[in-house]
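Q: Got a structure here, written out as structure tokens. Questions coming.
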Amino acid sequence: MPVACSAVHSHNEVRLQRRPASARAVYLIEARTHTDSREVDALFRELRSRMCVRPLSTGRLMGYAVEVRSDDSPILDAIEEILKESFSCVVVERVFDELTMRLVADLCRETGSRIYCLPRCSICGRPEPFPVATMGAGASVGRCYCARCTAEAWGP
Ligand SMILES: [Zn+2]
């Protein structure tokens, strides 16, 4: 059954979005050479044309969050397999939360890589790679909400 995902209620008019249930993964790859960086970049560029991909970091540590429909979750395993076959140091997380971002931040510090800023949820303040944005008028313009808050707003 699809999980409803949408902007939360507000005093202003808010247009609701529904998204099908999704599966996420975070891939962290150590690019030891320029060839590695180019290969990783090319792979995720290709994936971006077919699914939601958000870069998390760049440099020696290349991080990406990927979101697909739940039905398509086997592709997340396939990406993991390809990366682990091609690169010696790959970390894969199958959730995205604050701990994941802390891990990315720590690894970026250790490797001198650059971490990208992510949009933050307007309710809980958590970083969210794939926010649900409201398209309502007035004060709600420009707000975004994380998957957890939107799920709570819709209830079980
Ligand atoms: Zn939130």
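Q: Within region 39-62, take every residue that is among the aliphatic types (A, V, I, L, M) and closer than 16 Å to Glu93 by Cβ and give me the one that is surrounded by the fewest Cβ atoms within 10 Å (Cβ to Cβ).
A: For region 39-62, the residue satisfying everything is Val53.
Q: Going by what's in this entry, would Gly125 be described as outside any helix (DSSP H, G or I), within 16 Å of the ligand (Cβ to nearest atom) and either free of Cβ contacts under 8 Å to residues at least 12 places away in the same chain or within 12 Å of Ile29 (Cα to Cα) (or both)?
A: On the way: outside any helix (DSSP H, G or I): yes; within 16 Å of the ligand (Cβ to nearest atom): yes; either free of Cβ contacts under 8 Å to residues at least 12 places away in the same chain or within 12 Å of Ile29 (Cα to Cα) (or both): yes.
Here the answer is yes, as Gly125 does meet what is asked.
Q: Among the residues of region 77-99, write down those that are in contact (Cβ under 8 Å) with a residue 40 or more places away in the chain, in contact with a strand residue (DSSP E or B) (Cβ under 8 Å, 6 or more places away or on another chain) and within 19 Å of Asp41 (Cβ to Cβ).
A: Listed by number, the residues that qualify are Ile79, Glu80, Leu83, Phe87, Ser88, Cys89, Val90, Val91, Val92.
Q: Hey, does region 63-71 have a residue that's small (Gly, Ala, Ser), touching a residue at least 24 places away in the same chain (Cβ under 8 Å) and in contact with a Leu (Cβ under 7 Å, 6 or more places away or on another chain)?
A: Yes, some residue in region 63-71 is small (Gly, Ala, Ser), touching a residue at least 24 places away in the same chain (Cβ under 8 Å) and in contact with a Leu (Cβ under 7 Å, 6 or more places away or on another chain).
Q: A follow-up question, please. Does Asp36 qualify as being over 22 Å from Pro119 (Cα atoms) and surrounded by fewer than 16 Cβ atoms within 10 Å (Cβ to Cβ)?
A: It is false that Asp36 is over 22 Å from Pro119 (Cα atoms) and surrounded by fewer than 16 Cβ atoms within 10 Å (Cβ to Cβ).
Q: Checking Ser113 against (1) at pLDDT 80 or above; (2) farther than 18 Å from Leu56 by Cα; (3) not basic (Lys, Arg), which test does it fail?
A: Here Ser113 meets the rest and fails (2).
Q: For region 93-113, how many residues are surrounded by fewer than 17 Cβ atoms within 10 Å (Cβ to Cβ) and in contact with a helix residue (DSSP H, G or I) (Cβ under 7 Å, 6 or more places away or on another chain)?
A: Final tally of qualifying residues: 0.
Q: Looking at this structure, is Glu67 surrounded by 18 or more Cβ atoms within 10 Å (Cβ to Cβ) and among the acidic types (Asp, Glu)? Working first, answer last.
A: Values: surrounded by 18 or more Cβ atoms within 10 Å (Cβ to Cβ): yes; among the acidic types (Asp, Glu): yes.
For Glu67, the condition - surrounded by 18 or more Cβ atoms within 10 Å (Cβ to Cβ) and among the acidic types (Asp, Glu) - is met.
Q: Take region 108-125 and flag every residue that is under 27 Å from Thr33 (Cβ atoms), over 13 Å from the mean Cα position of the chain (by Cα) and of a type outside the set (S, T, N, Q).
A: Cys108, Arg109, Glu110, Gly112, Arg114, Ile115
Q: On to the next question. Pick out the one residue from Leu61, Leu99, Leu56, Leu107 that is within 16 Å of the ligand (Cβ to nearest atom) and modelled with pLDDT of 90 or more. First the steps, then the outcome.
A: Values: Leu61 fails: within 16 Å of the ligand (Cβ to nearest atom); Leu56 fails: within 16 Å of the ligand (Cβ to nearest atom); Leu107 fails: within 16 Å of the ligand (Cβ to nearest atom).
Exactly one of Leu61, Leu99, Leu56, Leu107 is within 16 Å of the ligand (Cβ to nearest atom) and modelled with pLDDT of 90 or more, namely Leu99.
The values are calculated or read from the model by the stated rules, or taken from the named source; none is laboratory data. Worth saying up front: this structure is predicted, and the values here are computed from it rather than measured. Because the Cβ atoms are built from the backbone with ideal geometry, glycine has one as well, and the counts that use them run over all protein chains shown.
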